[in-house]
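To keep things clear, I will list the structure first and then write my remarks on it.
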Amino acid sequence: MHRSLFTIPVALLLTVTLAGCGQASGQSKNKTLNVTLADEPATADPNKMTDTNSGSVVFQTMEALYTYNKSNKIVPGVATKIVKPTNHGKTYTFNLRKDAKWANGQDVTAQDFVTSLRRMVNPKTKAQYADLLSAFKNYDAIQHSKMSPSKLGVKALSKTKLRIQLTKAVPYFNDLAASKYYPLNTDAVKKYGSKYGTSAAKTMSNGPYKLVGWTGSNSTWHYVKNKHYGNAKNVQINRVKVSVTKDETTAANLFKSGKIQETTVSGQYVRSNGNDKQLQTHLLGRMSLLVFNSKRKATKSENLRQAVSYVIDRQKLVKSVLGDGSKAATSAVPKGDQANPKTGEDMASEVGNLLPHNVTKAKAYWQKYLKETGKSKATLNILTDDSDADKHVGTYIQAVMEKNFKGLTVNITALPHAQHVARDFDQKYDINLIGWSTNWLDADDYLELAAKDNSVNFTHWNDSTYNQMLTSANAKTGLARYKGLMAADKYLMSVKGYVPVYQPSEAKLVSKDVGGLTYSLLNEAQYQYAYWK
């Protein structure tokens, strides 16, 4: 998940701020805010989180070196200030807040960051996103077990001073420092080992809320105000109840009955209730895409990828199937993700539509695929989440493929999110509908999904031309890097290394009695800023 972004116009953040401000009374502080999550989280371990639901839990309960204010701007978190790097952008030295505390009252120390980052880079941890540390000194040697994790470019200079050494400047480092570089309570990690983060009882929070009541498999838990949090006095809602609600019709009914105050709803609800003043929509920094298993003979074909891409009418999909404000994908890079550093033009607009709908071409590629495989019939399976949106999208893709591709049967397997993610990494699928959310606005995050040896290149697709283009682009800076990434995007789409489908929009129902919830392209609402009106 990776993404220069500090010059992105504010308008592109598509931030929706609910009207109203005010202070909560003592009585309302004790009133529980009820919210939903679309699926179960897989973990509460920041080192191991790979899915958006786990990310949601960590986002509400942890604080990194930097954090986001209520306007979704990066501000100091555990660090005392936003640091200007030295050594040509390769050395960061942080002073940590002396009032930064864990939920048990212990100080958050520089060693806690060292513990976390060394644990994340250690191959034994099997952190799927260890490559978030790829620019750290000695990362490669450690990942290949040629050097100890203790040699990673991170050091506690004192209890409250931390140094990070990189091998190259990273344009989006501040975003990583705000969304990925979390501390871990050193004592808790020693105590729970590999079981850390598997339940609330085996997790330690340092953010505005602590995680309470999550067993690792249940569908209801709480975020309870962390009284030791440095900004606790400004956290106005003491308790948030989270309920996993996969069916969005059920969620809407719960909202209407007043049992929940914030939830996600489907395109069908949006189409039917567009004038609802409690309905808020915002585009996400996310791409829904299809990946094809390159380890299976039946699905490693470029002809198949081309056929599927051309047969999908993305405009019809987002308007008629989803109808929630989602946008048709035009390339691997979502709208608003990266701007031309010279002109300010959005990359998605600049590259144009590289994913046209053309049934004639789709059928021609399908015939090439059949000839290539030496068969007249084929049966393929599409793996999806069991969420409403994924099931609807999967059904649409199944229908257009079977309608236009002679001899094809398409089956769909819809799984709970955590099980789906496990299948992703185990490569147990033919065609896989996945979503990728970014935490920083840089096209490289999406382009890296197809790079050789990337831990989230689920297909293990490998194209030497593409790898070289991406490596070359990232060796440059400024406009040259931007143009290199744009060229890589165009090449990736010409061979369909993977097939982008749409950029999701999220529709939220938010109670008129609640204020302070702000959404953006990158972040969900932070409950620490919520208040009862």
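The values are calculated or read from the model by the stated rules, or taken from the named source; none is laboratory data. Everything numeric here is computed off the predicted structure, so don't read it as measured data. Using ideal geometry, Cβ is built from the backbone for each residue, glycine included, and neighbour counts are taken over all protein chains shown. When the accessible area is computed, the model is the full protein with side chains, heavy atoms only, and any ligands, DNA or RNA have been set aside. Shrake-Rupley method; radii C 1.70, N 1.55, O 1.52, S 1.80 Å.
Quick one: which of Thr215, Thr198 is over 22 Å from the mean Cα position of the chain (by Cα), closer than 22 Å to Leu37 by Cα and assigned to a loop (DSSP other than H, G, I, E, B)?
Thr215
On the basis of being open to solvent by less than 50 Å² (accessible area, probe 1.4 Å) and not hydrophobic (A, V, I, L, M, F, W, C), does Thr86 make the cut? Break it down into steps so the answer makes sense when it comes.
Numbers: open to solvent by less than 50 Å² (accessible area, probe 1.4 Å): no; not hydrophobic (A, V, I, L, M, F, W, C): yes.
For Thr86, the condition - open to solvent by less than 50 Å² (accessible area, probe 1.4 Å) and not hydrophobic (A, V, I, L, M, F, W, C) - is not met.
Give Ala480, Ala414, Ala418, Ala422 a once-over and let me know the one that is assigned to a helix (DSSP H, G or I) and modelled with pLDDT of 95 or more. Walk me through it before giving the result.
Numbers: Ala414 fails: assigned to a helix (DSSP H, G or I); Ala418 fails: modelled with pLDDT of 95 or more; Ala422 fails: modelled with pLDDT of 95 or more.
After ruling out the rest, the residue left standing is Ala480.
Within the stretch 297-333, take every residue that is in a helix (DSSP H, G or I) and either on the phi > 0 side of the Ramachandran plot or of a type in the set (Val, Ile, Thr) (or both) and give me the one that is most open to solvent (accessible area, probe 1.4 Å).
Filtering the stretch 297-333 for residues in a helix (DSSP H, G or I) gives 302-311, 314-322.
Now narrow it down to the ones that are either on the phi > 0 side of the Ramachandran plot or of a type in the set (Val, Ile, Thr) (or both): 308, 311, 318, 321.
Numbers: Val308: 1, Val311: 3, Val318: 9, Val321: 38 Å².
Checked the stretch 297-333; the qualifying residue most open to solvent (accessible area, probe 1.4 Å) is Val321.
Residue by residue through the stretch 503-514, note down the ones that are at pLDDT 95 or above and either open to solvent by less than 10 Å² (accessible area, probe 1.4 Å) or polar (S, T, N, Q) (or both).
Gln503, Leu509, Val510, Ser511, Val514
Looking at Asn206 and the list (1) open to solvent by less than 60 Å² (accessible area, probe 1.4 Å); (2) among the polar types (S, T, N, Q); (3) at pLDDT 95 or above; (4) more than 16 Å from Gln528 (Cβ to Cβ), which single condition is not satisfied?
The single condition Asn206 does not satisfy is (4).
Counting just the residues of the stretch 49-93 that are of a type in the set (D, E, K, R) and under 16 Å from Tyr209 (Cβ atoms), which one comes out modelled with the lowest pLDDT? Spell out how you get there, then give the answer.
To start, the set of residues in the stretch 49-93 that are of a type in the set (D, E, K, R) comprises 51, 63, 70, 73, 81, 84, 90.
Okay, now just the ones that are also under 16 Å from Tyr209 (Cβ atoms), so 63, 70.
Values: Glu63: 98, Lys70: 92.
Going through the qualifying residues, I end up with Lys70.
Check Lys159, Lys190, Lys168 and return the single one that is in contact with a helix residue (DSSP H, G or I) (Cβ under 7 Å, 6 or more places away or on another chain) and either open to solvent by 50 Å² or more (accessible area, probe 1.4 Å) or not hydrophobic (A, V, I, L, M, F, W, C) (or both). Break it down into steps so the answer makes sense when it comes.
Values: Lys190 fails: in contact with a helix residue (DSSP H, G or I) (Cβ under 7 Å, 6 or more places away or on another chain); Lys168 fails: in contact with a helix residue (DSSP H, G or I) (Cβ under 7 Å, 6 or more places away or on another chain).
Every option except Lys159 fails the conditions.
Take the stretch 269-285 and flag every residue that is farther than 20 Å from Pro334 by Cβ and buried (at least 18 other Cβ atoms within 10 Å of the Cβ).
If we filter the stretch 269-285 for residues that are farther than 20 Å from Pro334 by Cβ, which is where we start, we get 269, 271-279.
Of everything in the stretch 269-285, just one residue is farther than 20 Å from Pro334 by Cβ and buried (at least 18 other Cβ atoms within 10 Å of the Cβ), namely Tyr269.
Which numbered condition trips up Leu517, out of (1) surrounded by fewer than 24 Cβ atoms within 10 Å (Cβ to Cβ); (2) closer than 30 Å to Lys210 by Cα?
Answer for Leu517: the failing condition is (1).
What number of residues in the stretch 231-265 are in a strand (DSSP E or B) and touching a Phe, Trp or Tyr at 6+ places or on another chain (Cβ under 6 Å)?
Quick first cut of the stretch 231-265, residues in a strand (DSSP E or B) only: 239-244, 262-265.
After this cut, where a residue has to be touching a Phe, Trp or Tyr at 6+ places or on another chain (Cβ under 6 Å) as well, the list is 240, 242, 263.
Adding up the residues that qualify gives 3.
Can you tell me which residues in the stretch 266-284 are among the β-branched types (Val, Ile, Thr) and not in a strand (DSSP E or B)?
Applying the first criterion (among the β-branched types (Val, Ile, Thr)) to the stretch 266-284 yields 270, 281.
Passing the criteria: only Val270.
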